[in-house]
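This report concerns only the one structure given below.
The values are calculated or read from the model by the stated rules, or taken from the named source; none is laboratory data. Since the model is a prediction, treat every value here as computed from it, not as a measurement. Because the Cβ atoms are built from the backbone with ideal geometry, glycine has one as well, and the counts that use them run over all protein chains shown. Just so you know, the surface numbers come from the protein's heavy atoms only, side chains and all, with ligands and any DNA or RNA stripped out. Shrake-Rupley method; radii C 1.70, N 1.55, O 1.52, S 1.80 Å.
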Amino acid sequence: MKSLLFLFVLLATANVQSQTVFEKWPSIKAFHEVLSATFHSSEKGDLKPIKARYEELALKAENVLKMEIPLEYQTKEILASAEKLQIKTKSLQKKIVTKADDATIIAQLNEIHDTFHEIVGLCTGEKH
């Protein structure tokens, strides 16, 4: 009986640990979905998606800090990076509204992408 209980606890623990950052933190997943849809096209020189969805991206970045953050991710480093993500996304929003040139928009989007990967790396303990 003890071994059965031990096995159950072990499996439950493994399941919790095997959850991804996206499964544990829905608002970072929602941000990633918009980022992915806009960033990868910008790598090919297509800025239409980011110019159409910049407000949504800014809202999703805001929600990363506004919505519930899993306790394990509430570290000073992760919260600082999430705040940086929000600031950079608002900056991108201003650049698009003021009709900044494409190179400036791409550079800002690259910074947002790097900051996102910084957050995920801090959450997983891996370098992204």
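Among the listed pairs K66/K94; K29/K60; K44/K90; K66/K90; K66/K95, those with a Cα-Cα distance over 19 Å are K66/K94; K44/K90; K66/K95. Accessible surface calculations at 1.4 Å, restricted to protein heavy atoms, place the stretch 21-63 at 50 Å² per residue.
Protection proxy ranking of 58-64, 78-84, 101-107, by the mean of other Cβ atoms within 10 Å over each peptide's residues and highest first, is 58-64, 78-84, 101-107.
Note on L79 and N110: the model spin-label points, each 7 Å out from Cα along the C-beta direction, lie 3.2 nm apart. For the stretch 20-104, which whole percent of the accessible surface, found with a 1.4 angstrom probe, sits on carbon and sulfur atoms? That share works out to 53 percent.
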